Amino acid sequence: MVNPTPESRYRSNLQGEVDSSALYRALAEVEGDSRLAKIFARLAAIEDAHVAFWQAKLAKAGLPVSIPKPSPRTRLLTWLARRMGVSFVLPTVNALEQADIGSYDNQPEAVAGRLPAAERSHARIVQAIAQQSSGSAGLSGSALANLEGRHRAMGGNALRAAVLGANDGLVSNLSLVMAIAGAMADRHVILLTGAAGLVAGACSMAMGEWLSVNSSRELYQRQIATEAEELSQSPDEEREELILIYQAKGLGEAEARELAGRMMANTQTALDTLVREELGIDPESLGGSAWSAAITSFGLFGLGAIFPILPYCFLDGVPALLGSLGASGAALCGIGAGTALFTGRSFLFSATRQLLIGFAAAGLTFGIGRLVGVSLGG
């Protein structure tokens with residue numbers, strides 16, 4: 001892929017900022033809620049400053065400077081907003097903002113001008129307005145559920161991870177064992193294959209979990225460090241962004257300013273608040289150990305994977321096959337019942353569904369094993 005020239009990049013950025021400015025200004029004119037109209041107007045003013053930023057870059061590079069017209073997409077969204085209302089186009093505007101969050105991250109000039117932080121802030125503000133417009137009064141459904149005590153996020157997530165980890169081990173190893181059994185292999189071959197599948201799958205899951213936790217933590221830490229630098233360099237700008245976010249969530253301007261002022265009074269509190277509100281990161285979620293997650297994942301996968309091979313330690317032939325299916329079926333029903341704890345479905349339905357899905361996978365691989373075994377044996 002050919003890297004764009006500085007001129008083409010500057011002009012592309014300028015076009016994007018012109019589009020954003022025109023769109024927010026149109027939303028401010030159409031919006032019937034004066035509070036939200038003021039927020040859109042302030043967003044438009046910030047985008048105007050970004051337009052001037054890229055104009056200055058073009059001028060400094062000795063390139064012709066002109067203001068482009070809004071793009072056809074922006075003109076269409078503006079037309080729709082004026083005729084159908086802000087709420088009609090807001091989901092699209094929100095999606096566009098979310099897609100543009102990282103557009104400036106690898107552009108040195110934009111980073112120096114602190115534009116990436118502004119784009120992230122705008123995305124959070126528009127997202128909050130979109131959530132409010134959808135009827136959640138500035139709070140997402142998950143947030144409302146947490147406030148009402150119905151979601152039990154911490155316990156639910158831990159239980160979900162445990163159930164799904166064990167399910168991965170059970171279904172994958174049951175399918176593997178049934179494939180080898182279908183090929184009419186010796187008991188020792190089935191045992192060796194099942195044990196190898198258990199260890200290999202558990203190691204893969206553990207490594208994946210370790211990489212996932214570490215990568216997420218490193219990404220979040222880099223974003224938090226960037227936010228801390230922006231807070232130290234431009235505290236007034238960060239305060240204004242926080243005010244806009246609180247207003248977008250439903251607070252009046254005076255209340256938003258008072259709350260933002262209290263949050264900004266302490267540097268650490270201000271950083272924690274900005275990280276949560278602008279970046280959507282919970283600093284407390286960074287404390288987990290990658291090794292603990294990996295070991296837990298290894299153990300859960302292994303726990304599920306041991307059921308299909310356990311009967312082959314004591315039995316042979318058809319009794320071992322039936323024992324493997326029986327032990328795995330009981331475990332599948334248990335996992336299905338476990339999923340009912342966080343899905344809200346009945347235990348019977350969840351257990352039956354899990355059993356049918358697991359046995360369908362086992363039946364498929366058993367059939368493949370039988371066909372391949374007969375073919376090779378013939």
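The values are calculated or read from the model by the stated rules, or taken from the named source; none is laboratory data. Quick caveat, the model's predicted, so the values are computed rather than measured. No Cβ is skipped: glycine too gets one built from the backbone with ideal geometry, and neighbour counts run over all protein chains shown.
General remarks:
- Arg73 vs. criteria under 30 Å from the mean Cα position of the chain (by Cα) and either farther than 19 Å from Arg124 by Cα or without any contact (Cβ under 8 Å) to a residue 12 or more places away in the chain (or both): yes
- Any hit, the stretch 275-293, residues being more than 30 Å from the chain's Cα centre (by Cα), among the aromatic types (Phe, Trp, Tyr) and farther than 27 Å from Asp100 by Cα: no
- Failed criterion for Leu198 (all others in (1) surrounded by fewer than 17 Cβ atoms within 10 Å (Cβ to Cβ); (2) more than 16 Å from Ile368 (Cβ to Cβ) hold): (1)
Residue by residue, here is whether (1) among the acidic types (Asp, Glu); (2) crowded, with 16+ Cβ neighbours inside 10 Å holds:
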residue: Ser8; (1), (2): no, no
residue: Arg11; (1), (2): no, yes
residue: Glu31; (1), (2): yes, yes
residue: Lys38; (1), (2): no, no
residue: Val51; (1), (2): no, yes
residue: Ala56; (1), (2): no, no
residue: Ala59; (1), (2): no, no
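- Of everything listed in (1) free of Cβ contacts under 8 Å to residues at least 12 places away in the same chain; (2) crowded, with 16+ Cβ neighbours inside 10 Å; (3) not aliphatic (A, V, I, L, M), the single unmet condition for Arg83 is (2).
- Unique match (being crowded, with 20+ Cβ neighbours inside 10 Å, in a helix (DSSP H, G or I), in contact with a Lys or Arg (Cβ under 7 Å, 6 or more places away or on another chain) and modelled with pLDDT of 90 or more) among Ala320, Ala305: Ala320
- Residue within the stretch 281-289 that is assigned to a helix (DSSP H, G or I) and modelled with pLDDT of 75 or more present: no
- The stretch 202-233: number of residues that are among the acidic types (Asp, Glu) and either modelled with pLDDT of 85 or more or in contact with a helix residue (DSSP H, G or I) (Cβ under 8 Å, 6 or more places away or on another chain) (or both): 3
- Contact map, the stretch 181-196: first residue on the phi > 0 side of the Ramachandran plot, second residue part of a helix (DSSP H, G or I), Cβ cut-off under 8 Å, separation 6 or more or different chains; pairs are Met184/Arg370; Met184/Gly373; Met184/Gly377.
- Selection status of Ala179, hydrophobic (A, V, I, L, M, F, W, C), assigned to a helix (DSSP H, G or I), modelled with pLDDT of 55 or more and over 25 Å from Gly336 (Cβ atoms): no
- Taking the stretch 49-134 and the helices (runs of 4 or more DSSP H) fully enclosed by it, the elements with 3 or more residues that are closer than 15 Å to Tyr10 by Cβ and not polar (S, T, N, Q) are at 108-112.
- Listed conditions (1) surrounded by fewer than 21 Cβ atoms within 10 Å (Cβ to Cβ); (2) at pLDDT below 90; (3) assigned to a helix (DSSP H, G or I) are all met by Leu192, apart from (2).
- Qualifying positions in the stretch 228-240 - in a helix (DSSP H, G or I) and either surrounded by fewer than 24 Cβ atoms within 10 Å (Cβ to Cβ) or not acidic (Asp, Glu) (or both): Ala228, Glu229, Glu230, Leu231, Ser232, Gln233, Pro235, Asp236, Glu237, Arg239, Glu240
- Some residue of the stretch 213-232 being in the same structural domain as Ile368 (by TED's automatic domain parsing) and under 30 Å from Gly358 (Cα atoms): yes
- Ile67 free of Cβ contacts under 8 Å to residues at least 60 places away in the same chain, closer than 27 Å to Glu240 by Cβ and out of contact with any Ser or Thr (no Cβ under 7 Å at 6 or more places or on another chain): yes
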